[in-house]
Amino acid sequence: MDRLSRRFFSRPSEVVARALLGKLLVCGGRAGMVVETEAYLGPDDKASHARFGPTSRNAVMFGPGGVSYVYLIYGMYDMFNIVTGREGEGQAVLVRAIDPARGIDGGKRAATGPGKLCRALGITRARHNGVDLTASADLFLARGARVASERVARGPRVGIDYAGEWAPAPLRFWVAGHPAVSRAR
């Protein structure tokens, strides 16, 4: 497989979030095509975990692009993110949904939403937080299908009402009309 390089991930999160659509996310023997993402722009972004600077929870976000950042939300769901940008910037992309391609039961809706995605792929904080996606044999992203610009939808991120003026920012990207997208709007 043609794995994505550090250079791919070292761009701004908004650029990487759009560019990830159509790429293949692989974890062990399971894989799926990325169909939905959200960009988190760093410390100035009030919805980002980086907004308070580096902490023990988010320290990986301030590392180099191309490293996984997996965190727990609501005490029960792991969330898979990819660090983007240059080291020290605190940017990341949340992968919200994939279209199952290999090793995932349950059809098109099996990985719709970031918690379901992690369960479907077997991604956990314990095993996958801080993994170098450019070097790991177990967890990585590879080239996939090209998604034409006219098929890319853009809108506000999900579940960040607390972020004030950042809540309506159009930093969520998805493949328009795809059945594996978690939310159409």
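Just so you know, all these numbers are worked out from the coordinates, no wet-lab data involved. As the structure is a computational prediction, the values presented were derived from the model and not from experiment. As a convention, Cβ positions derive from the backbone with ideal geometry for all residues, glycine included, and neighbour counts pool all protein chains shown.
Hey, fewest Cβ within 10 Å first, where do 48, 182 land in order? Show your work: numbers first, answer last.
Details: 48 23, 182 19.
Arranged by neighbour count, lowest to highest, 48, 182 become 182, 48.
What FRET efficiency comes out for residue 1 versus residue 158 if R0 is 41 angstrom and r is the Cβ-Cβ distance? Round to the nearest 0.05. Provide the component values of the computation, followed by the final result.
Working: r = 29 Å, r/R0 = 0.72.
Efficiency for this residue pair is about 0.90.
Sorted by average packing, counted as other Cβ atoms within 10 angstrom per residue and highest first, what order do 129-139, 168-178, 108-118 take? Can you show the working numbers first?
On the way: 129-139: 16.1, 168-178: 18.7, 108-118: 21.6.
Per-residue Cβ counts within 10 Å, averaged per peptide and sorted highest first, yield 108-118, 168-178, 129-139.
Just grab the label-to-label distance for residue 76 and residue 105, each label 7 Å out from Cα along the Cβ direction, in nm (one decimal).
Output for this residue pair reads 2.1 nm.
Could you give the dipole magnitude of the stretch 6-174 about its Cα centre, charging the beta-carbon of Lys and Arg +1 and that of Asp and Glu -1, in debye to the nearest 20? It would help to have the intermediate numbers written out before the result.
Details: 24 positive and 15 negative charges, 94 e Å.
So the dipole magnitude of the stretch 6-174 works out to roughly 440 debye.
Based only on other Cβ atoms within 10 Å, what is the fewest-to-most ordering of 62, 52? Provide the component values of the computation, followed by the final result.
On the way: 62 21, 52 11.
Fewest-to-most Cβ neighbours within 10 Å comes out as 52, 62.
Could you give the nm distance between label points at residue 55 and residue 176, where each point is 7 Å from its Cα heading toward the beta carbon?
Those two pseudo-labels are separated by 3.8 nm.
What are the equivalent ellipsoid semi-axes of the chain, built from the alpha-carbon gyration tensor (square roots of five times its eigenvalues), in whole angstrom, biggest first? Mind dumping the intermediate values first?
Details: eigenvalues 94, 71, 52 Å².
Rounded to whole Å, the semi-axes are 22, 19, 16.
Starting from the Cα of residue 23, draw a straight line to each of the lysines and keep only those under 27 Å, dropping any in the same chain fewer than 8 residues away.
108, 116
Which order do the peptides 147-155, 20-28 take when ranked by the mean count of other beta-carbon atoms within 10 Å per residue, highest first? Mind dumping the intermediate values first?
Details: 147-155: 13.2, 20-28: 21.8.
Highest-to-lowest ranking by the protection proxy: 20-28, 147-155.
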